[in-house]
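Notes for the one structure printed next.
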Amino acid sequence: MRGEVERIRNADQVHVDVMDNHFVPNLTFGPQMVETVQRVSPVPLDVHLMIEDPERWAPGYAELGVFSVTFHAEAASDPVALARRIREIGSRASIALKPGTAVEPYLELLPEFDQVLVMTVEPGFGGQSFMPEVMPKLRLLREVADREGLDVWLQVDGGIAADTIGIAAEAGADTFVAGSAVYGAADVDAAIAGLRAAAMHAH
């Protein structure tokens, strides 16, 4: 575990996917493993909860001291109350939208969140192809955030690589989750630097 996070010490954050085999058809680790990663990681943890009933579970992840906790709009019964609870505990509060989820209902709630994650694949499995059709959602979020002067990060996750990161950056994303493009590279540091450069070039 330590070796895996040490490989990406030049990244800004470690994005940790938590899946419950209910909200998405895949199962990954839970709070104990996240606590272990938190203990050994040289960079802050960005925990992405692809789980049902985030009201019950998300506060516990914030209590581990992670940098950011993301829960899904589709799973939360009261996203604003949950975001406020996460912020109270001391983590950044982030809401995620699946590719088919409309962004419009959340635009007026933007001040309640530190980050919005626009999924660029269907959540659940790595290695999927980037979905450019969700870029209008990002553009709309960026337009509203800029117009209202909000300090909200816009994150993309899914199919992010050297040939897609510029598309997402140009649409307004400023935070990028890359899995295969980094861990599949022979030189991880060079892969991270290349992705950063491609994103900066697009802005």
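The values are calculated or read from the model by the stated rules, or taken from the named source; none is laboratory data. Fair warning: this is a prediction, and the values are worked out from it, not measured in the lab. We place every Cβ from the backbone using ideal geometry, glycine too, and count neighbours over all the protein chains shown.
Of the residues making up region 177-196, not one is farther than 17 Å from Val5 by Cα and within 15 Å of the chain's Cα centre (by Cα). All conditions but one from (1) buried (at least 17 other Cβ atoms within 10 Å of the Cβ); (2) under 15 Å from the mean Cα position of the chain (by Cα); (3) within 20 Å of Val156 (Cα to Cα) apply to Asp12; the one that does not is (1).
Filtered by the rule that a residue be closer than 27 Å to Val182 by Cα and without any contact (Cβ under 8 Å) to a residue 40 or more places away in the chain, region 100-121 gives Gly100, Val116, Met119, Val121. Scanning region 137-158 finds no residues that are surrounded by 15 or more Cβ atoms within 10 Å (Cβ to Cβ), at pLDDT below 95 and farther than 22 Å from Phe67 by Cβ. Looking only at residues of region 163-191 that are outside any loop (DSSP other than H, G, I, E, B) and touching a strand residue (DSSP E or B) at 6+ places or on another chain (Cβ under 9 Å), we find that the one that is surrounded by the most Cβ atoms within 10 Å (Cβ to Cβ) is Ala168.
Quick one: which residue in Gly126, Gly172 is under 16 Å from the mean Cα position of the chain (by Cα), small (Gly, Ala, Ser) and modelled with pLDDT of 95 or more? I'd like the intermediate steps shown before the answer.
Values: Gly126 fails: modelled with pLDDT of 95 or more.
On inspection, the qualifying residue turns out to be Gly172.
Considering every residue within region 38-48, establish whether at least one is closer than 20 Å to Val118 by Cα and in contact with a helix residue (DSSP H, G or I) (Cβ under 9 Å, 6 or more places away or on another chain). There is at least one residue in region 38-48 that is closer than 20 Å to Val118 by Cα and in contact with a helix residue (DSSP H, G or I) (Cβ under 9 Å, 6 or more places away or on another chain). Identify all residues within region 143-181 that are of a type in the set (D, E, K, R) and over 18 Å from Ala73 (Cβ atoms); write none if there are none. Within region 143-181, Glu143, Asp146, Arg147, Glu148, Asp151, Asp163, Glu170, Asp174 qualify. State whether one or more residues within region 41-59 are aromatic (Phe, Trp, Tyr) and farther than 14 Å from Ile86 by Cβ. There is no residue in region 41-59 that is aromatic (Phe, Trp, Tyr) and farther than 14 Å from Ile86 by Cβ. A single entry from Gln38, Gln32, Gln13 fulfils the requirement of being touching a residue at least 24 places away in the same chain (Cβ under 8 Å), farther than 25 Å from Val134 by Cα and among the polar types (S, T, N, Q): Gln38. If a residue has to be under 23 Å from Leu110 (Cα atoms), among the hydroxyl-bearing types (Ser, Thr, Tyr) and free of Cβ contacts under 8 Å to residues at least 60 places away in the same chain to count, how many in region 141-192 make the cut? Result for region 141-192: 0. May I ask you to verify whether Glu122 is in a loop (DSSP other than H, G, I, E, B), farther than 23 Å from Arg84 by Cα and of a type in the set (Asp, Glu)? It is true that Glu122 is in a loop (DSSP other than H, G, I, E, B), farther than 23 Å from Arg84 by Cα and of a type in the set (Asp, Glu).
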